[in-house]
Amino acid sequence: MAEKTEKEKKTATKTATTRAKAPAKAASTRTAPAAKAAAKAPAKAAVTARPVGKRTVARKRAAPAAAAPGEKEQFTWRRFRRKTKVGVVVSAKMAKTIIVEVGRFREHPLYKKMIRLRKRFAAHDEAGEAKAGDLVRIQESRPFSATKRWRLVEVISRAGEAGAAAPRVADISKALEEQEGVTDILTPEREENEPQPEEKAEE
């Protein structure tokens, strides 16, 4: 019996010591994060103490309002500089899409013969104005689809008009260049009093 009581006393003292140690460990684990937070607190205070610069906020630009089908579109400098081409409508079978064939002449690099080159462009026709055979003017624009990067600006002449009455592509392109002022830029101005090269040779 005495042995039992001694064993019971030892186990009781062991459990008491383990219970006493457990809160101490818990307290130490509780104090450890608090100590870490206390150590980080001055660093945070130092960070917040710095003067904060002004933040720039990126604003989205509002898209320009699309013009109504009947109204003329307001031209900005970007839209004014977009390329324009004059060609004949080859196909108008697709919805809101026309195929315009633009022809041009080019000199062969070796044989110096003038070659006719033709290229087809898919153009966006919102109102469905153009038909096959019409002479139209197209302008480059945003991508409407995988192949469409042009849009219809105006129908110059309808199919079936008399050949004499219908304007030619070369005449229209010249008129457009004159309207944009291309000829004024390219031609140099000479003074009237300037002596000609033949007179210089005679002197």
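The values are calculated or read from the model by the stated rules, or taken from the named source; none is laboratory data. Remember, predicted model here, so these are calculated numbers, not experimental data. Heads up, the Cβs are rebuilt from the backbone with ideal geometry, glycines too, and the neighbour counts pull from every protein chain shown. The area values use the complete protein model at the heavy-atom level, side chains included, leaving out ligands, DNA and RNA. Shrake-Rupley method; radii C 1.70, N 1.55, O 1.52, S 1.80 Å.
Below is a table of values for the structure above.
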quantity	calculated
Some residue of the stretch 68-83 being open to solvent by 80 Å² or more (accessible area, probe 1.4 Å), touching a strand residue (DSSP E or B) at 6+ places or on another chain (Cβ under 9 Å) and modelled with pLDDT of 60 or more	yes
Tally, over the stretch 84-105, of residues that are in a strand (DSSP E or B) and among the basic types (Lys, Arg)	2
Check on Leu117, of a type outside the set (S, T, N, Q), under 25 Å from the mean Cα position of the chain (by Cα) and part of a strand (DSSP E or B)	no
